[in-house]
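Quick notes on the structure that follows.
The values are calculated or read from the model by the stated rules, or taken from the named source; none is laboratory data. Computed from a predicted structure; not experimentally measured. In this analysis, Cβ positions are derived from the backbone assuming ideal geometry, glycine residues included, and neighbour counts consider all displayed protein chains.
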Amino acid sequence: MSPGTRKSERDGRPASLEIRAWFDPQTGQIHLVSPSAAGFHSVVTNDRNSSRASKNFYAQLMRAFEEAGVSVPNPMRFRLGRVPNEMTRWEALVRYDDEIYEAAMKLLPFGSLWVDRLGEAFSALGEDRSYLSKIVEQLREEANLEAREAERNEAVEWLRTLATLPGGEQISRESLAILVELRIRGYQIVKQSKDITVSLDGCGTSYVRSNDDIRQLAGILQAHEPAGRHDALSTNSAEPRSAPRIELQASLTSLLPLK
C-alpha cells in the first residue's frame, strides 16, 4: 500500500486516496492520477462513442476546473473524431471569433452538447449577436436544472439502497435524516453487503448495520462537534438548525415510505 493511501480502521481496506486531475487540450480528455498510488491512472471523456464516457462526471470536473481558475483551451478542440477539412461554420466561429468563443466557454463546463445548442440557437436567430447573452443565460439555466435533476435522481437511488439496512430492518426517518446530514457534511456513505461504511477524508471509517448503530454514531460524532456549532446531528436536539438542511432533509426523507 502506498504511503498516501489511508486504510480503514477495521479491516484494512483503502478508505482514502488523493486524486489529481489534469486536462489534455489535444483530446479533450480529463486524466485522473494519484501521486500516492503507483500506476493509478484513469481517463474521463464526454465523447459518447468512447467506453470512458461519463457525461455527468466530466461536466462536474470541468466545473471544478472553472471554479479553480484553471484555463482550458478552445472548446472545439475537444470534439473528437473530426478532421480539420470537416470543420463547420459554427466550429470555425467558436475557434476564431473571440466573442463566440467566450460565450461557448460559459457553457462548456456543462458539456459540449450545450455548446452545440448555443450554435443551433444562434443560427436559428440569424446569427444576431445581440441575442448571445440571452441565449447563454437561458441555456445555463437549463443546464443547471438538468444537472440538479441528475443529482436528485442520484440521491433517490442512494436513498433506495438504504431503505433496508444490512441488519434486515427498515431504516427509520431519524436514521435517514442523520445519514443525509452526514452526506451534506461531506461524509462518504456506502452500503455494502454486511454493513454501511461512513467515512470522511482524514477521519477514518465507521461501520453501521442498524438504526441503533446509526443513532450511536450520531452521538459519538456530535460529542466531537466544534464548540458553537448549531447544526447538530441529533434529530431530537432543541438547537436551531439551518433552513437549507431542514428543507433538504425533509425533501429527501419524504422520498421513501419510512416509519
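Scoring ARG117 on the criteria (1) within 24 Å of GLY28 (Cα to Cα); (2) in contact (Cβ under 8 Å) with a residue 40 or more places away in the chain; (3) not hydroxyl-bearing (Ser, Thr, Tyr) leaves a single failure, condition (2).
Of all residues in the stretch 191-212, none satisfies the criterion of being surrounded by 16 or more Cβ atoms within 10 Å (Cβ to Cβ) and on the phi > 0 side of the Ramachandran plot. Would you mention how many residues in the stretch 10-24 are of a type in the set (Asp, Glu), under 24 Å from VAL190 (Cβ atoms) and at pLDDT 65 or above? Residues flagged as of a type in the set (Asp, Glu), under 24 Å from VAL190 (Cβ atoms) and at pLDDT 65 or above within the stretch 10-24 amount to 1.
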